[in-house]
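Working notes for the structure below.
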Amino acid sequence: MMYLEYDWTSMVYRPRFGDTFIDVRGWRSFDCKREAVDVLDTCGLVLGKKTDSRTWEIVAKDIEELERPGGCGAARNHVLQAITTRYLGPTDYKGSRIKARSVGASLTVHYDDALNTEDNHREAAEALIAKLDWAKLGGVWHQGGMPDDSGYCFVCVPD
């Protein structure tokens, strides 16, 4: 689960994933809550319920909100999160797998030896797209390699 937490010592708002503070679109912290909300909005995320006096959940926008005119799914303003995939080698208990993740979700699928590497990564990304129900928003997904050869990145472009 992702959270936005107000740090009283530094007087800034910080996004965190579980117990780890993370970057959201290159920002490690925000000076005000409004700034955080605006950046999250461009990623298709919103603040959810308040979990304590200084922490809010970060959740994905409702599909209906994404589809409204001017929403993230609108044809001319199509903003979705990128999906990254990476290979997970076999362990003593599990075979090889591919992990697909976006800011708000992740999913792991088994590596299919009948497919090549790129197709395995595409299958994992498509499974996450289906899980998040992003296919109904339209657009064409494009695949590219990561600069550090750690896996692949998938981005959606309006059709």
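The values are calculated or read from the model by the stated rules, or taken from the named source; none is laboratory data. Predicted, not measured: the structure shown is a model, and the values here were computed from it. Here Cβ is always computed from backbone atoms with ideal geometry, including for glycine, and neighbour counts include all displayed protein chains.
Computed quantities for the displayed model
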{"item": "Any hit, region 107-121, residues being modelled with pLDDT under 95 and within 15 Å of Gly44 (Cα to Cα)", "result": "no"}
{"item": "Matching residues, region 127-156, being touching a residue at least 12 places away in the same chain (Cβ under 8 Å), under 14 Å from the mean Cα position of the chain (by Cα) and outside any strand (DSSP E or B)", "result": "Ala127, Leu128, Ile129, Lys131, Leu132, Asp133, Trp134"}
{"item": "Hey, Ala114 in contact (Cβ under 8 Å) with a residue 40 or more places away in the chain and hydrophobic (A, V, I, L, M, F, W, C) or not", "result": "no"}
